[in-house]
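Everything on this sheet refers to the single structure shown next.
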Amino acid sequence: MSMNEEKTEFRPLIVAFCCNWCSYAGADLAGSSRLSYPADVKIIRVPCSGRVNPMFILRAFERGADGVIICGCHPGDCHYSTGNYYARRRMTLLFSMLDYMGVENGRTRVEWCSAAEGVKFSNTMNEFCEKVKSLGKSVRLGDIRCKD
Amino acid sequence: MQRIGVFVCHCGTNIAATVDVKKVVELVRFEPGVVFADDYMYMCSEAGQEKIIAAIKEHDLTGLVICSCSPRMHEKTFRACAEKAGLNPYMVEVANIREQCSWIHKDREEATEKAVILARAAIAKVNLNTPLQEGESPVTKRALIIGGGIAGIQTALDIADAGYEVDIVEREPSIGGRMSQFDKTFPTLDCASCILTPKMVEVNQHPNITLYTYSEVEGVSGYVGNFDVKIRKKARSVDMSACTGCGECQAKCPLGKMGKIPSEFDRGLRTRPAIYMPFAQAVPAVPVIDRENCTYFKTGKCGVCAKICPSKAVNYEQEDEIVTVKYGAIVVATGFDIINLDKFGEYAYNESPDVITSIELERLMNASGPTGGHLERMSDHKQPKDIVFIQCVGSRCDDEKGKPYCSKVCCMYTAKHAMLIKDHWPDTNITVFYIDVRTPGKNFDEFYRRAVEQYHVNYVKGQVGKVIPQPDGSLLVQGVDLLDNKQIMKKTDMVVLAAAVEPNKGVRKIATMLTASIDNNDFLTEAHAKLRPVESPTAGIFLSGMAQGPKDIPETVSQAGAAAVKVVGLLAKDKLKTNPCTAKCDPMFCNGCSTCANVCPYGAITYEDQQVRGPGVNETRRVAVVNNALCQGCGACTSACPSGAMDLQGFSNRQITTEVDSICR
Amino acid sequence: MQGLIDRLTALLSDGTVARVIGWKKGDMAYNPEPHMFETAESLKDFVYDGFCGANLSKMMIEASKLEGKTAVCLKPCDTYSFNQLIREHRVVRENAYIIGVGCRGKLDIEKIKKGNKGITSISGTELDGSDDIKIETIYGDKNISYKDALLDRCHVCKGKDHMIFDEVWGESKDTADQERFAEVEKIEAMTPEEKFAFFRNELSKCIRCNACRNVCPACSCRKCIFDNTKFDAQQKANVVSFEERMFHIIRAFHVAGRCTDCGECSRVCPEGIPLHLFNRKFIKDIDKFYGEFQAGKDPEAQSPLTDFTFEDIEPGERG
Amino acid sequence: MTKQEIEKKVELIKEISGCDPYKCMKCGKCSGSCPAFNEMDVKPHQFASYIVNGDIESLVSSKSLWKCLTCLACIERCPRSVQPGKLIDAARQLVERERGGDYLHAEDIPELLDDDVPQQLLVSAYRRYRR
């Protein structure tokens, strides 16, 4: 590779945990409405935002994710009636802690997105990608052994 | 090690146009566990499924990954396909490479790369999948209807006619609900009682229906097919079996003549005695004693009703009774009320007795109402010559004063009111202030046009800003005619407010007991807005009538029937399959701290002392046990558990972790 | 102190309790160790002085399983932990006879050792001792103020009331004279780079000895998340620093809403890492976001993480 | 005015008023409440559409701009939180600012601000009583 060659654009790695009942369906709707968002976002289906164990988020950062977003049902609309309320508290505290340790707030996000909100889903992903991109590569929680 | 087959679908060009399907097949072929990979034009087609079945047999596959459309679309299809080939259906994972890949990305290389990553994640997950068995649970062949209005009545009748037992729980002393308060019904102007009363009687006499009036649901536990419901039968103070409904007690109650207790049924437009039936056609025709107002209960003196009752049915000693009944299905038909108008001071509702709500107008026009059907002003009992109707009072309102939705029924009932008044008293001058006239429905617009064309009701597009009571007893209405762009100041005799409807108070409490979801306006949420409109997302809970959203009587009755069919469909089954993706506790790690039970929305977690044996551990201790029939698989317990003892089958900690890993590889 | 020993001896002798959990004299003047005394004779080694910082509530987990009652000496701050353990069904209240011992703050030997080499004995650290403590070293004697030698945690003491007890022994003296969240606020004000540098520096000292986990009364799981193979969080060797970060975030998160801020983690850390800064950050956030909450104050109170309100703030918002 | 200028003014009105004219459903409750209705050329229920359509020119040169009594009736009663009174007040602000007649000291403003009180009220009160 020549020294002058322009560095390829930084593409963030983003893990999205989506609730099966709302935002996963919202992502499907974004798809069937052909609303694009960057391929950097990879979705993991979970039964409820309350299923997202903080361990998963830390794991993602450890393995080199640059941003993690959790999407669940709007407060009051949880399929299991209360899961998202617990998720909200859990993530509020976890994100605050990550921020406290120097992992910028912009790398973590929770969004409430219903099955009908394909547009919101795609907008959220676009916004979040931009934000993470502007923060650059996440190195603070990464396991150096996991990357070459 | 699993033997995994990967099947990549082209979905015509839906996937293949942006994802290089062949390349995906080549790249995933060497993933750990994969022994077979192939692609096909339409995986979900019969030929595609045959291909999968053949591959399972030929390569002795233990797990499948289908790269295709969303699992919400065809996961069921592919699971059934796997089952056909003798594979456990829960050994199938779907990688969503259509909705979440090919349809949203344009760059072929990028989309292909993402498809491979999604496939890898699914493969990694399947490697950790374990066969899961759907359990079976029996079905109690009895349904509960909460609410005895027209919605509940119709649902109950339809279920009962299908041969199943139904109980109705009604908070008020009589069934009938809002509809029993109405005078006539649009668009055909039948008399409400004439069409409702026969149904109420039918409910009362139906061998399959049991009525719990003056009762409330106190607690619900259990799950679809097996609910345990606690019902509080409030003390009526009248023995239901002895009472003949002669009405002597009501007539003799000293409080009846004092006129101090406003009648709820007549919306406070007249008073009632302390022992009362809400209305003459009440079902059951048994009065109740309102203990808060009754002199006997307040002072211990009086006792007139007990003395004069010819059948000795009055019983002051009666106590609330709590019964627990098993049900297979529950229908919520809690109905509606209108909003409180305290925040709309501009309409002077609390200042002038001649500013009334539409429901009050129904009572005033009803032959059995406080005025015997003669329309008169409550202030001076004169017949109003000029009436102003104001639409959208609190409906379509953005702030906390009102409701953001359209109440749906007001446009039609206002046209009805206007026409009925004009019919009886043709010289009455009627003005309707409206924002939009909304009349979607069979014969609805024709109905409204009749009010304008035949009855010459004056419809003004615009709103009223203020109603000012005048010293001479009239009302000054300040409004606007937007089409004329003129402000209107007009004197009138009566103002009728089309107050917004809202779900009955207490429905949130009921929804919480049922773990049925409810929206910001306290309307119950349906499982799918279009395809499952009468079911709650919570299995075994069904919706009927206004509790689900604003609707008129014909719509309510059709929804009631639809809910009944769904209930019957459930009760007709002898066994139900249960979701095998439930939580599971590893006693080795569980320390019995109760954190999981605190977050479980279904009460599915209990604790017991268990002998725990393992490396370095041999003791008896308190550990969590999950009731698989109650657990719905939300996983709240798994992320609350401090030691990671709780895990969710089908979405296990290791499965999700490995998905994260393969995405971040 | 003799009064306390007499009382404990009486309890043992009359059969009220079968054993006593307390502190036993160490080999130095400043290292008493938690101990379970089974006989009245053994109580001659019982000690309660300024170095008895150890929180004994956790020992009741095992003691709860033994026959008969156990007398346990709990300082005011330890009673919070005990309440929390009751809430989590880890100890049996009926099996404990709680002696709420008074406290005038506990001493940090590192502070005393600073500038005082060759200590041979320390005196005046008892509950009823004087405002100064006397240090004898091989280089001569010295007096230092009790207050100056306090553990940092005692300067932000939650108060000297026992939350749960059967009887109280000894007078307490208030020691709180600093802002509890001042240190946390200092870090919050840093830039992300500075925050990261700060924690990297601190946590790089971690040797994964697990002392913090083992001493923590909230970390009472017989086998815990770090033993669990399902998250791959087990057996993290100290190869690179990231694991310490992970370990401590996970640990702090796991005790969030349950941590009583007893400060034992920081006290026992052999590397002197201010581990309480994690826990206290969670406590500060919980107080700010969900209203004041002190774990262990009320054993009936719902933990903030297993509770919610409809109007909770959204993640990312900062109150 | 160029398109950009108009857009800027529309944004400014939205910012000053804190109201979203797009929420208006044209029910007319404002005009049905307005005591100065007959004095106005542009009626209260039309304010929102003038702003939505970018006809700021007509709005600021209308009689209504100065006829509004700031009685708050429309603000109180608007069911859609469009609050025409705040919109017209914002338009007045626009004119005031252009005239340079801003006697307020910037540092005093936070003290005086109250979301519910139209700024016009503050401005006029200040002008009247400052000496």
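What to note about this one:
- Residue satisfying condition, being of a type outside the set (D, E, K, R), within 7 Å of another protein chain (Cβ to nearest Cβ) and within 17 Å of the chain's Cα centre (by Cα), within set A:139, A:110: A:110
- Among the candidates A:72, A:26, residue that is within 14 Å of chain C (Cβ to nearest Cβ), touching a residue at least 24 places away in the same chain (Cβ under 8 Å) and surrounded by 24 or more Cβ atoms within 10 Å (Cβ to Cβ): A:72
- Residue within region D:12-22 that is farther than 27 Å from residue D:110 by Cα and crowded, with 21+ Cβ neighbours inside 10 Å present: no
- Residue check, residue C:271 more than 12 Å from chain A (Cβ to nearest Cβ), at pLDDT below 90 and either within 20 Å of residue B:598 (Cα to Cα) or in a loop (DSSP other than H, G, I, E, B) (or both): yes
- For region B:162-209, the tally of residues that are assigned to a helix (DSSP H, G or I) and either aromatic (Phe, Trp, Tyr) or under 23 Å from the mean Cα position of the chain (by Cα) (or both) stands at 8.
- Hey, residue B:511 modelled with pLDDT of 95 or more and either in the same structural domain as residue B:147 (by TED's automatic domain parsing) or buried (at least 23 other Cβ atoms within 10 Å of the Cβ) (or both) or not: no
- Flag for residue B:55 being in contact (Cβ under 8 Å) with a residue 40 or more places away in the chain, in contact with a strand residue (DSSP E or B) (Cβ under 9 Å, 6 or more places away or on another chain) and assigned by TED's automatic domain parsing to the domain that holds residue B:106: yes
- Where strands (runs of 3 or more DSSP E) fall entirely within region B:432-539, those with at least 2 residues that are more than 20 Å from residue B:409 (Cβ to Cβ) are at B:458-461, B:464-469, B:475-481, B:486-492.
- When region A:92-126 is filtered for residues that are under 21 Å from residue C:278 (Cβ atoms), in contact with a strand residue (DSSP E or B) (Cβ under 9 Å, 6 or more places away or on another chain) and of a type in the set (D, E, K, R), the ones remaining, listed by number, are A:99, A:107.
- Residue selected from region B:648-665 under the condition more than 10 Å from chain A (Cβ to nearest Cβ) and not in a helix (DSSP H, G or I), by the criterion nearest to residue C:224 (Cα to Cα): B:652
- Residue count for region B:242-273, restricted to those that are farther than 24 Å from residue B:182 by Cβ and either in contact (Cβ under 8 Å) with a residue 40 or more places away in the chain or in contact with a Phe, Trp or Tyr (Cβ under 7 Å, 6 or more places away or on another chain) (or both): 10
- Residue list for region A:75-107, restricted to those being facing chain C (nearest Cβ under 7 Å), among the charged types (D, E, K, R) and more than 26 Å from residue B:603 (Cα to Cα): A:104
- Flag if residue B:598 is surrounded by fewer than 17 Cβ atoms within 10 Å (Cβ to Cβ) and either aromatic (Phe, Trp, Tyr) or within 24 Å of residue B:656 (Cα to Cα) (or both): no
- Sole residue being away from chain B (no Cβ under 14 Å) and in a helix (DSSP H, G or I), chosen from C:285, C:298: C:285
- Selection count, region D:38-58, where residues are surrounded by fewer than 24 Cβ atoms within 10 Å (Cβ to Cβ) and either more than 9 Å from chain B (Cβ to nearest Cβ) or among the aromatic types (Phe, Trp, Tyr) (or both): 13
- Under the condition of being touching a helix residue (DSSP H, G or I) at 6+ places or on another chain (Cβ under 8 Å), surrounded by fewer than 17 Cβ atoms within 10 Å (Cβ to Cβ) and more than 20 Å from residue C:54 (Cβ to Cβ), the residues counted in region C:104-136 number 1.
- Residue count, region B:586-631 (criterion: among the aliphatic types (A, V, I, L, M) and either more than 10 Å from chain C (Cβ to nearest Cβ) or in a loop (DSSP other than H, G, I, E, B) (or both)): 9
- Close pairs from region C:184-208: first away from chain A (no Cβ under 11 Å) and touching a residue at least 60 places away in the same chain (Cβ under 8 Å), partner buried (at least 17 other Cβ atoms within 10 Å of the Cβ) and part of a loop (DSSP other than H, G, I, E, B), Cβ under 7 Å, at least 6 apart: C:205/C:273; C:206/C:273
- Picking from residues in region D:59-81 that are within 13 Å of another protein chain (Cβ to nearest Cβ) and of a type in the set (Ser, Thr, Tyr), the one that is surrounded by the fewest Cβ atoms within 10 Å (Cβ to Cβ) is D:81.
- Candidate set from region B:93-124 (those that are touching a Pro at 6+ places or on another chain (Cβ under 9 Å) and closer than 30 Å to residue B:578 by Cβ); member that is nearest to the other protein chains (Cβ to nearest Cβ): B:96
- Qualifying residue in region C:46-65 (condition: β-branched (Val, Ile, Thr) and surrounded by 15 or more Cβ atoms within 10 Å (Cβ to Cβ)): yes
- The combined condition, being in a strand (DSSP E or B), farther than 19 Å from residue C:221 by Cα and touching a Gly at 6+ places or on another chain (Cβ under 9 Å), is not fulfilled by residue C:77.
- Close pairs (9 angstrom Cβ cut-off, 6 or more residues apart or separate chains): farther than 15 Å from residue A:123 by Cβ and more than 7 Å from every other protein chain (Cβ to nearest Cβ) in region A:30-43, buried (at least 21 other Cβ atoms within 10 Å of the Cβ) and among the basic types (Lys, Arg) anywhere: A:40/B:114
- Per-region count, region B:510-559, residues of a type in the set (D, E, K, R) and in contact with a Cys (Cβ under 8 Å, 6 or more places away or on another chain): 0
- Residue B:447 being over 30 Å from residue B:215 (Cβ atoms), aromatic (Phe, Trp, Tyr) and more than 14 Å from chain D (Cβ to nearest Cβ): yes
- Some residue of region C:237-248 being at pLDDT 80 or above, over 20 Å from residue A:93 (Cβ atoms) and not assigned by TED's automatic domain parsing to the domain that holds residue C:102: no
- The set of residues in region B:560-583 that are among the basic types (Lys, Arg) and surrounded by fewer than 17 Cβ atoms within 10 Å (Cβ to Cβ) comprises B:573, B:575, B:577.
- Any chance residue B:606 is of a type in the set (Ser, Thr, Tyr), over 21 Å from the mean Cα position of the chain (by Cα) and buried (at least 17 other Cβ atoms within 10 Å of the Cβ): no
The values are calculated or read from the model by the stated rules, or taken from the named source; none is laboratory data. Since we're looking at a predicted model, the values are computed, not measured. Please note: Cβ atoms are built from the backbone with ideal geometry, for glycine as well, and neighbour counts cover all protein chains shown.
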